[in-house]
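Participant: Okay, here's the structure, questions in a sec.
The values are calculated or read from the model by the stated rules, or taken from the named source; none is laboratory data. Owing to the predicted nature of the structure, the values given are computational and were not obtained by experimental measurement. All Cβ positions, even for glycine, are placed from backbone atoms using ideal geometry, and neighbour counts span all protein chains on display.
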Amino acid sequence: MLYRPLGRTDLRVSALCLGTMTFGEQNTAADAAAQLNRAVAAGINFIDTAEMYPVPPRVETMGRTEEYIGRWLAEHGGRDKLVIATKVAGPGDWLPYIRGGNNRLDRPNIEQALDDSLRRLRTDYLDLYQLHWPDRQTNIFGRLGYEHPADDTSVPLRETLEVLDKLVQSGKVRHLGLSNETPWGTMRFLELAERHGLPRMVSIQNPYNLLNRTFEIGLAEVSLREHCGLLAYSPMAFGALSGKYLEGRRPPQGRLTLFSRFSRYSNEEAVAATADYVAIARKHGLEPAQMALAFVTGRPFVTSNIIGATTPEQLEQNLGSIELTLDDEVLADIEAAHTRQPNPSP
């Protein structure tokens, strides 16, 4: 396993992070424990979750992922050797059951969310606490074309950061991170921290994969210059980049088969681009899934690549990607495919 510094902190995290959003929906508690055991045995020390998990989110399952991890931590031990990250949900009328639908990034909501997460995770501190998405209206989750709100009622970024500062001072949180954030938001948080002596954001968790490389346009430079590295989520584009959905196939337990709401990687252009990447992998004698993961892990602005699996076989293949370094010929073919069909799934 490779290990990389988390921002400017003294923590070193595994280049592969175990994503857990299937725990409690597609994976049972026993499945979750088996995945956690295998990941730790392979050298992964970084585990990522969120208060709203599993996904797709439902009132009946909200928080179950953290509960599964907490149960495992209580039985497994070794908390001090692990880097545990979770996230506080931002506002959205699509989650009316989280704090009554008033889940703003202000003091009452953040403090309650953190205490609830700590209880479910059965730990008294978090290594990384992330804002799952911005409080303000902006173009995230694949939305293009920024529309500025006429009346901005969002919680000011400084107010949010000051709340988080108190949590760091209390010892409940070690470090802070962003998720689904924009270049403006990231730089603004960093500027506020420097100007007012507040905690610095050490990472940003955004989507990044062969079908969606929009992170490169504005945020990659921020990550490298500001030491605020990417924690890449959806590196396999919900499994599409394995090639298992090509030619209209819908494997019974596949995520895109079970949950039709996840259409980001299923449009006509994305399917065509996926076919190109699968063909490149096979041309070079590579597993398409491992090539897709190795590409992400190898980017210089990536701190950790968040892998997820629903079966032991998928997890083994994902773990094996850490041994793969893509040569110049493979990378050239990938760039040529990207030029032909750039970012079909932003």
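Participant: Mind checking whether some residue in region 124-132 is free of Cβ contacts under 8 Å to residues at least 60 places away in the same chain, under 25 Å from Gln169 (Cα atoms) and surrounded by fewer than 21 Cβ atoms within 10 Å (Cβ to Cβ)?
Facilitator: Residues of region 124-132 free of Cβ contacts under 8 Å to residues at least 60 places away in the same chain: 124-126, 129, 131.
Then keep just the ones that are under 25 Å from Gln169 (Cα atoms); that gives 124-126, 129, 131.
Adding the requirement that they be surrounded by fewer than 21 Cβ atoms within 10 Å (Cβ to Cβ) leaves 124-125.
Yes, because at least one residue in region 124-132 is free of Cβ contacts under 8 Å to residues at least 60 places away in the same chain, under 25 Å from Gln169 (Cα atoms) and surrounded by fewer than 21 Cβ atoms within 10 Å (Cβ to Cβ).
Participant: Using the structure shown, decide if Ala220 is modelled with pLDDT of 95 or more and in a helix (DSSP H, G or I).
Facilitator: Details: modelled with pLDDT of 95 or more: yes; in a helix (DSSP H, G or I): yes.
Yes: the conditions hold for Ala220.
Participant: Assess whether Arg174 counts as being among the basic types (Lys, Arg) and part of a strand (DSSP E or B). Even if it seems obvious, please write down each step before you answer.
Facilitator: Numbers: among the basic types (Lys, Arg): yes; part of a strand (DSSP E or B): yes.
In short, yes.
Participant: Answer yes or no as to whether Leu224 is touching a residue at least 24 places away in the same chain (Cβ under 8 Å) and within 17 Å of the chain's Cα centre (by Cα). Spell out how you get there, then give the answer.
Facilitator: Numbers: touching a residue at least 24 places away in the same chain (Cβ under 8 Å): yes; within 17 Å of the chain's Cα centre (by Cα): no.
Judged against the criteria, Leu224 is not a match.
Participant: Continuing with the same structure: Could you go through region 128-143 and let me know if any residue there is of a type in the set (A, V, I, L, M) and more than 14 Å from the chain's Cα centre (by Cα). If you could, list the steps in order and put the result at the bottom.
Facilitator: Quick first cut of region 128-143, residues of a type in the set (A, V, I, L, M) only: 128, 131, 140.
Narrowing the set further to residues that are more than 14 Å from the chain's Cα centre (by Cα) leaves none.
Within region 128-143 (the criterion being of a type in the set (A, V, I, L, M) and more than 14 Å from the chain's Cα centre (by Cα)), the answer is no, since none of the residues qualifies.
Participant: On to the next question. Which of the residues that make up region 114-123 are surrounded by 23 or more Cβ atoms within 10 Å (Cβ to Cβ) and either more than 18 Å from His175 (Cα to Cα) or of a type in the set (A, V, I, L, M, F, W, C) (or both)?
Facilitator: Leu121
Participant: Only one residue in Thr22, Thr28 is among the hydroxyl-bearing types (Ser, Thr, Tyr), surrounded by fewer than 22 Cβ atoms within 10 Å (Cβ to Cβ), under 20 Å from Asn318 (Cα atoms) and over 20 Å from the mean Cα position of the chain (by Cα). Which one? Step through it out loud before you land on a result.
Facilitator: Numbers: Thr22 fails: over 20 Å from the mean Cα position of the chain (by Cα).
On inspection, the qualifying residue turns out to be Thr28.
Participant: Taking Arg143, is it assigned to a loop (DSSP other than H, G, I, E, B) and either closer than 22 Å to Tyr208 by Cα or touching a residue at least 40 places away in the same chain (Cβ under 8 Å) (or both)?
Facilitator: Details: assigned to a loop (DSSP other than H, G, I, E, B): yes; either closer than 22 Å to Tyr208 by Cα or touching a residue at least 40 places away in the same chain (Cβ under 8 Å) (or both): yes.
It is true that Arg143 is assigned to a loop (DSSP other than H, G, I, E, B) and either closer than 22 Å to Tyr208 by Cα or touching a residue at least 40 places away in the same chain (Cβ under 8 Å) (or both).
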